[in-house]
1. Return one number: the angle in degrees, 0 to 90 and rounded to the nearest 10, between the long axis of the Cα atoms of helix 2-18 and the longest principal axis of the Cα atoms of the chain.
2. Evaluate E = 1/(1 + (r/R0)^6) for HIS221 and GLU119, where r is the Cβ-Cβ distance and R0 equals 22 Å; express this FRET efficiency to the nearest 0.05.
3. Tilt of helix 174-183 relative to the longest C-alpha principal axis of the chain, in degrees (0 to 90, nearest 10)?
4. Which whole-number percent is the relative contact order of segment 109-330 (Cα, under 8 Å, 6+ apart)?
5. List, largest first, the extents of the alpha carbons of segment 175-263 along their principal axes, each in whole Å.
6. Starting from 0 in steps of 10 Å, tell me what percent of the Cα-Cα pairs of segment 112-225 lands in each bin.
7. Residue farthest toward the positive end of the dipole of the chain, with Cβ of Lys/Arg at +1 and Asp/Glu at -1: which of ALA11, PRO164, ALA74?
8. For the chain, what is the mean residue ellipticity at 222 nm derived from helices alone (per DSSP H run of n ≥ 4: -39500 (n - 2.57); sum divided by total residues; nearest 500 deg cm²/dmol)?
Amino acid sequence: MDETIEGLLAAIQQGIEKASTTAQLEEVRVAFIGRKGQLTRAMKDLSELSPEERPRQGKRLNQLRQVFDSLYEARHRRLAAEEEDAQLAEERLDMTLPGRNPLPARLHPVTRVTRMLEEVFLRMGFSLATGPEIETVWYNFEALNVAEDHPARAMQDSFFVDLPGYVMRTQTSPMQIRAMEEARGRVPLRIISTGRVYRRDEDATHIPMFTQLEALAIDRHLGLADLKGVLLTLAREIFGASTEIRLRPSYFPFTEPSLEVDISCVVCGGKGCRTCKDGWLEILGSGMVHPVVLRNGGYDPDHVNGFALGLGIERVVMLLYGFDDIRLLYQNDLGVLSGFGDPLAPMGSQEGPLL
């Protein structure tokens, strides 16, 4: 047995040192301490020794097993680290290489048109303002001259959060008050705000969540002529240089006077067709800022005035792309969305993938 143990020790040391991979090292482990391994068989042979010899040899075999475990673990850690380094070197990704078979990608039509509209207003000297989608009742309604019992509020006061005095904003108009407060009476003030708004609407032309853009300008001696100039520029930048606008009297609680804005039909050019009926398409609402709204924003309506306008961006998308069901935009159908190319070239300078 002594000679057997000495031979096993030499064989273990040689086998472990000779293994150059973790797979080969595993073969060594099975050969010595597997179910039919040499060290395992030597432990079973202890039963054949005399009662006096068995404890001594058993102790030596246990020490040999400890030696094996120690040598094995050290060698395994070293080989595993070397193999991991080799694998990382082989599989290293060169981030400077071009992608393989890149998938064509485009921005969502609403995002494309939103960026186009923002660019138009930025060129006209407006700045972009953003605000919360969970808004206080004061900013969303009361500061905009929409009292609690106002009829217009019944159509919008529909989505709530579990916070007293808060509501999912029904329009981006609260940013007008917030911008006026931040300006602290400074003129001129020209801002636009874009973002999601929430109302209780759902049909082919309305959805509970849609995207809105509103613009506000405050200065001394502004008039309807200034508003008309901005509206005409906006319409022609979006729909083409031949586009005309028509202003109709209307009512909004936050503007006085208030105007509905129509554009000459993008389909027939204003001649009259199935889309427009009389050559005009309604596009947005606008007007001169109501004195109450100016006061709530910290301005004196006796010294300054302003104008505002607001539009649903999905409405513009529908006109540009020529479809009649707004719900198609939010069904996540790639077969539908992939068909939206550049609308009348408002984004035409962006060739190829837009992402």
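1. Roughly 30 degrees, rounded to the nearest 10.
2. 0.20
3. Roughly 90 degrees, rounded to the nearest 10.
4. This gives 22 percent for segment 109-330.
5. 42, 33, 24
6. 13, 40, 34, 12, 0
7. Most positive-ward Cα: ALA11.
8. For the chain, the value works out to -12500 deg cm²/dmol.
Every read-out reported here was derived from the displayed coordinates using simple, explicitly stated rules and does not represent laboratory data. As the structure is a prediction and not an experimental result, all values here were calculated from the model. FYI the Cβ positions are ideal-geometry reconstructions off the backbone, even for glycines, and counts take in every protein chain you see.
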